[in-house]
Amino acid sequence: MAWKSADVVVIGGGIIGTAIAHFLSRQKTDVILLEKSGIASGSSGACDGAVVMQTKKPGVHLKLALESHALLSQMQNHLPVPIEYEKNGGLIVIETDDEKTAMKQFVEAQRQAGLDVELLDHKQLRTLAPHLSDHLIGATYSPRDSKINPMALTLGFAMSAKQMGTQILTGTAVLDIEVEARQISAVVTTAGKIDTRTVVNATGVYASEIGRMLGIEIPIKPRRGQLLVTEARPGLLKPWLGSANYIAAKFNPQLAMEGAGGVSIDQTQNGNLLIGSTREFVGYDKRTTVEGLKQIASRAVRILPDLKHTHLIRAFAGLRPYTTDGLPILGKVEKIKGLIMAAGHEGDGIALSAITGKLISELVLEGKTDVALDSFNLKRFSTETTQH
C-alpha cells in the first residue's frame, strides 16, 4: 500500500510548480507538490524580477505573457505575502542604426499583436531615464513591463496552495514514476510511494531527468545566467532596462554559444540593482566566473555610467531551462497518459507563471484549456520515444 495518494502530483517547487499548485488548490483539487530541495531553491531563486512583455515573440508567446501579466497584477491582492509588484515600464535601449532598424520591425509586430509599445528618440529616452549614457540613440518603451520579487511570488503561491489544502513535501526527491498500460499509477519518492494518475513535470532544468524515468526525451537543457548585485542606489533607474542585443541573444542560439549578448538592469524596491546576464551552455554548473562577470560589468557601465561609482555586493548564477525555439513545453504527453509538461520557460518563468498555472489547472481538471497549447506541445520536437 502506498504511503500517500493524490489526484495530482506536481513535481517541482519553483515558480511554475507552485503556481500550478495554487490554481489547482483553488478548485479544491487533492494535490501533493514535491520538491527535492526547498521552495524557490532553483532557477526561481536565482533571477531578477522583471516581468517584461517586450522580450516575447509576437504571437501566442506574447498573448500568453499579456494574459499572465493581467493575472500577476491581481496576485498582490490574493497572496499571503507581499510580492513587491511595481508597474514601472521597461526600456530596450538602442546603440546602433542597425539595432534601430531591427527594433522598429520588432515594435511594429508587437503593436499589431496588441502590446502598448513605442520607439523613443534620444531626447525622450533621457527624459525618462536621465542617468543613461549619452551615446544611446533611442529605445523602445512599454508601460506594460513591470517588476516583482520572484522569491516572494514563489513563496506566495506555495503558501496559498498550502492554505487551501495542498501538501508540500520539500526535501523529497522523485526516484521513479510507475506506469501501468501506458497510464501513470504512482510516483516513488525518497519518502515513499504516492498513488496518483496525474503527474505534472514542472522541474525546469531537470525536466529531462523526469522524462528519462518514463523513456521520454524532453529537449530542455540548462543555460547559465550570471548576475551582479550592487549596493542600494535609489532613483538611479526606474524602468526595467534591457539592450537591443539582449533580444538578439535571447532568440539567437549562435550568439549564446559565442558568449555574446546584451545587458539587463533591474532596480529593486530597496534600490539594489540586479545586473545580468550571461547565456552560457555549461551543463549544471552554477558557479560564477571572472570572465562572465567582467563582461556583464563592462556592458552595464557602457549603458549606465554611474555604475562606475557603485559598489558591488555580490554575484550569483542561476540556470534557465532552455528550449531550441525559445518557447516552453506545455500540455499532455501523448505516449504516457496522465503526464503533463510545464517546463522550459527559460527566462520567462516569472512572466508566464500565472498563466501557466491557470492553463495547466484547466488541462488537469477539464482536459482542455481556454488557449490552445498545440504550439507548446512536446510533440513539436518529434523526439518522443518510449520504452513502456
Go through the range 201-214 and count every residue that is closer than 23 Å to Asp348 by Cβ and touching a Leu at 6+ places or on another chain (Cβ under 8 Å). 3
Scan of the range 130-180 for residues that are hydroxyl-bearing (Ser, Thr, Tyr) and either surrounded by fewer than 17 Cβ atoms within 10 Å (Cβ to Cβ) or in contact with a Lys or Arg (Cβ under 8 Å, 6 or more places away or on another chain) (or both), ordered by number: Ser133, Ser146, Thr170, Thr172
Checklist (1) of a type in the set (S, T, N, Q); (2) surrounded by fewer than 20 Cβ atoms within 10 Å (Cβ to Cβ); (3) not assigned by TED's automatic domain parsing to the domain that holds Leu241 applied to Thr127, failing item: (3)
Just checking, does the range 321-336 include any residue being in a helix (DSSP H, G or I) and either surrounded by 18 or more Cβ atoms within 10 Å (Cβ to Cβ) or not β-branched (Val, Ile, Thr) (or both)? no
Among the residues of the range 96-108, how many are exposed (fewer than 15 other Cβ atoms within 10 Å of the Cβ) and either in a helix (DSSP H, G or I) or within 22 Å of the chain's Cα centre (by Cα) (or both)? 6
Given the residues Ile218, Ile177, Ile168, which is the only one that is in contact with a Ser or Thr (Cβ under 7 Å, 6 or more places away or on another chain), closer than 21 Å to Glu35 by Cα and at pLDDT 95 or above? Ile218
Within the range 344-370, of all residues that are within 22 Å of Glu86 (Cα to Cα) and of a type in the set (Val, Ile, Thr), the one surrounded by the fewest Cβ atoms within 10 Å (Cβ to Cβ) is Ile355
Using beta carbons and a limit of 7 Å, which pairs, at least six apart or on different chains, have the first residue in the range 79-104 and under 23 Å from Pro58 (Cα atoms) and the second one of a type in the set (D, E, K, R)? Asn88/Lys147; Asn88/Lys238; Gly89/Asp145; Gly90/Asp145; Ile94/Lys100
So, in the range 196-219, of the ones that are under 21 Å from the mean Cα position of the chain (by Cα) and part of a loop (DSSP other than H, G, I, E, B), which residue ends up surrounded by the fewest Cβ atoms within 10 Å (Cβ to Cβ)? Pro219
All but one of (1) in a loop (DSSP other than H, G, I, E, B); (2) of a type outside the set (Val, Ile, Thr); (3) at pLDDT below 95; (4) surrounded by 15 or more Cβ atoms within 10 Å (Cβ to Cβ) hold for Lys286, so report the exception by its number. (3)
Condition check: touching a residue at least 60 places away in the same chain (Cβ under 8 Å), closer than 22 Å to Gln54 by Cα, among the hydrophobic types (A, V, I, L, M, F, W, C) and in the same structural domain as Gly225 (by TED's automatic domain parsing). Does Ile275 satisfy that? no
With respect to Thr29, determine if the residue is surrounded by fewer than 24 Cβ atoms within 10 Å (Cβ to Cβ), assigned to a loop (DSSP other than H, G, I, E, B) and of a type in the set (S, T, N, Q). yes
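The values are calculated or read from the model by the stated rules, or taken from the named source; none is laboratory data. Not measured: the values here are computed from a predicted model. Cβ: placed from backbone, ideal geometry, glycine included. Neighbour counts: every protein chain shown.
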